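Below: one structure, written as structure tokens.
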Amino acid sequence: MNTAPRPTAATTPSGVRHATAGRDTRQAYVALDLGTARTRSLSSGGFAIADRPSAVGSASAVGSGPDGTSAQVRPIRHGMVADPGACLRLVHLVLRDAQLSGAWPLERVLTGVPVAATASDRRALSTAVSEAAGCEATLVEAPLAAAVGAGLDIADPRPYLLLDVGAGIVEAVAVRGGVVVDAAALQLSATTGTGLLPYAMEGVVDMTAALLRRLPEHLRPAARENGLTVTGGGAQQEQLLQRLRAVLRIPVSATPEPQHATIRGLTRLCLQPALAGRVTAQGR
């Protein structure tokens, strides 16, 4: 388990000019959540979230393996692009759903990205998605999208705490006035089908407690009152929620269907250009 670097602070761009500003919200869009283990998408013509493993066949593989299956490549590691070529193939597969639903040609694509992603990570993701989609991709920090999907009022001047527990990366953020004002991340080297391993769980709890302590003293009462919202597939691990409650001593709750919080938020942002313009991560 490695601590992911916190990117340097940057101002939020004035708007999502390339993908949403001044456009009819009925035009074709795709919300795209590329995760380490699962990739989820929803297009303007679709009726349900498409959910598939974040894996594609190896471009160099010849034939099949001993068990009759072709070699698989996972292009996303710790929520970031590890194999650009494989990522492009994965996005092409995902966008077939948009084509089948009639959402084509696309006018905009909103894609989640970890807060901890570097400028290079963001360029790699934007390039892969833009090339496959045929339009410019707009990046939104995944915890912000998850907060929107969880129904939080991210524009509130009072701070909210959110913990997004993914398969490859866990991010704890403080959100205030539509921006992430502080964040911490842990990259996970291993998870299980039942959730975080014990050592990883303690690291996540300690990281979240440290985030709360770093808030300015005058903001802590409001943050404690608002409590901690937990999203991502790992939010279904009751033992993690219990440990967070015991250590933080604040209300802790998992949002309904927490694994879909990010894709729900991205979809809502596709339909709300003004709000999307406030939370875009394009300029990070």
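Details
- Test: Thr20 is modelled with pLDDT under 70 and surrounded by 16 or more Cβ atoms within 10 Å (Cβ to Cβ): yes
- Screening the candidates Arg264, Arg214 for the property of being surrounded by fewer than 19 Cβ atoms within 10 Å (Cβ to Cβ) and in contact (Cβ under 8 Å) with a residue 12 or more places away in the chain yields one hit, Arg214.
- The set of residues in the stretch 140-168 that are surrounded by fewer than 24 Cβ atoms within 10 Å (Cβ to Cβ) and within 20 Å of Ile76 (Cα to Cα) comprises Ala167, Gly168.
- Every test in (1) surrounded by fewer than 22 Cβ atoms within 10 Å (Cβ to Cβ); (2) assigned to a helix (DSSP H, G or I) is passed by Cys135 save one, and that test is (2).
- Residue satisfying all of: in the stretch 227-284; under 18 Å from the mean Cα position of the chain (by Cα) and of a type in the set (D, E, K, R); modelled with the lowest pLDDT among these: Arg284
- The number of residues in the stretch 245-257 that are touching a residue at least 40 places away in the same chain (Cβ under 8 Å) and either surrounded by 24 or more Cβ atoms within 10 Å (Cβ to Cβ) or of a type in the set (Lys, Arg) (or both) comes to 0.
The values are calculated or read from the model by the stated rules, or taken from the named source; none is laboratory data. Keep in mind that what you see is a predicted model, and the values were worked out from it rather than measured. Virtual Cβ from ideal backbone geometry, glycine too; neighbours counted across all protein chains shown.
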